[in-house]
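The values are calculated or read from the model by the stated rules, or taken from the named source; none is laboratory data. Nothing here was measured: the structure is a model prediction, and the numbers come from that model. Using ideal geometry, Cβ is built from the backbone for each residue, glycine included, and neighbour counts are taken over all protein chains shown. Heavy atoms of the whole protein, side chains included, go into the accessibility calculation; ligands, DNA and RNA do not. Shrake-Rupley method; radii C 1.70, N 1.55, O 1.52, S 1.80 Å.
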Amino acid sequence: MNLLSNSRKVLRHPLDFFHDIQLQGRAKWSHAVILLLLMVCVHLLKLSWTGYSFEGREAYQISFVFESFWIIVPWITWCVSNWAVSAIMDGEGKFKDIVVSSAYALVPYIVLSLPLALLSQILTQGEYYTYWGLIYFINAWVMFLFLVKVKTLHDFELGKMLWIIVLTIVGMLVIWFVGFLIFGLVNQAIEFVIGVVKEIQFRL
């Protein structure tokens, strides 16, 4: 199964796709990497191409590093947290399947965001709700695919699936908290070492 046919299938028949991706050899790491990079590129282009009436920021006001960070880090922590929680709760999905399927769940955003950004160039303020309605539709489609992915990969009932998603989000918050804590400690340690080196150089 190639990337293009997989993308069409996840849009048209998500239940079948997430079931089939668990078969031997179907999930490919390269697909996950390509889709995540496409997601970042599409998001950055969307910010640049969206009409000023709907974006409100000039290109120089947008931090591409910051925007990329807030796509890649949440996505990675979702994969790790969902795998950890589902493993504890007897989920059937493997880590590779979770990562690859989580990348395919981004396909609606990748496919529709740029056409919507171009459409925003000709929309007026009076069509504000039309634009944001389409934005919410794309985001809801992505969230729906994430829900279907969790249910299908791990073979959970609806109630357990929702509970797993709540625990996954909690796990993500814990990972972020620990990450920020470690970053703060490392930053303080580096500043301390730099201060000591400068003090030694000053006294020499």
Cross-link reach list, lysines versus K9, counting only Cα pairs under 28 Å and skipping chain neighbours closer than eight places | K28, K46, K94, K96, K149, K151, K160
Hey, with R₀ at 41 Å, roughly what FRET efficiency would Q201 and W176 work out to, going by the Cβ-Cβ distance, to 0.05?
-> 0.65
Modelled FRET efficiency - R0 25 Å, F144 with V186, Cβ distances, 0.05 increments | 0.05
Solvent-accessible area per residue, Å², over the chain with all protein chains present [probe radius 1.4 Å] | 60
Gyration tensor (Cα only) of the stretch 119-204 to equivalent ellipsoid, semi-axes in Å sorted down, yields 46, 27, 8
With r defined as the distance between the Cβ atoms of Y129 and S5 and R0 fixed at 25 Å, what FRET efficiency is calculated, to the nearest 0.05?
-> 0.10
Length-normalised contact order of the stretch 78-172 in % [C-alpha pairs under 8 Å, at least 6 apart] | 47
Farthest positive-ward along the chain dipole, Cα basis, beta-carbon charges - from H43, N2, H19 | N2
Have a look at T124, W83, V150 and report the one farthest towards the positive end of the charge dipole of the stretch 78-204, computed about the Cα centre with Cβ charges (Lys/Arg +1, Asp/Glu -1).
-> W83
All-pairs alpha carbon distance profile, the stretch 77-161, 10 Å steps from 0, percent = 17, 39, 22, 16, 6, 0
Dipole of the chain, Cα-centred, from +1 at each Lys and Arg C-beta and -1 at each Asp and Glu C-beta, to the nearest 20 debye?
-> 340
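At 20 °C and 1.002 mPa s, what whole-number value in µm²/s does Stokes-Einstein give for the translational diffusion of the stretch 97-137, with Rh from the Kirkwood sum over Cα pairs?
For the chosen part, D equals 185 µm²/s.
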Cubic angstrom per residue, convex hull over Cα atoms of the stretch 37-121 | 93
Convex hull around the C-alpha positions of the chain: the volume in Å³ per residue is 164
Kyte-Doolittle mean at least -1.0 and Cα axial length at least 24 Å: DSSP H helices in the chain = 29-49, 64-88, 128-154, 158-203
Relative contact order of the stretch 1-82, pairs being alpha-carbon contacts under 8 Å that are 6 or more residues apart, as % = 21
What is the spin-label model distance, in nm, from I62 to F137 if the labels are put 7 Å beyond Cα along the C-beta direction?
-> 2.2
Hey, how many Å between the Cα centroid of the stretch 136-163 and the Cα centroid of the stretch 107-133?
-> 25
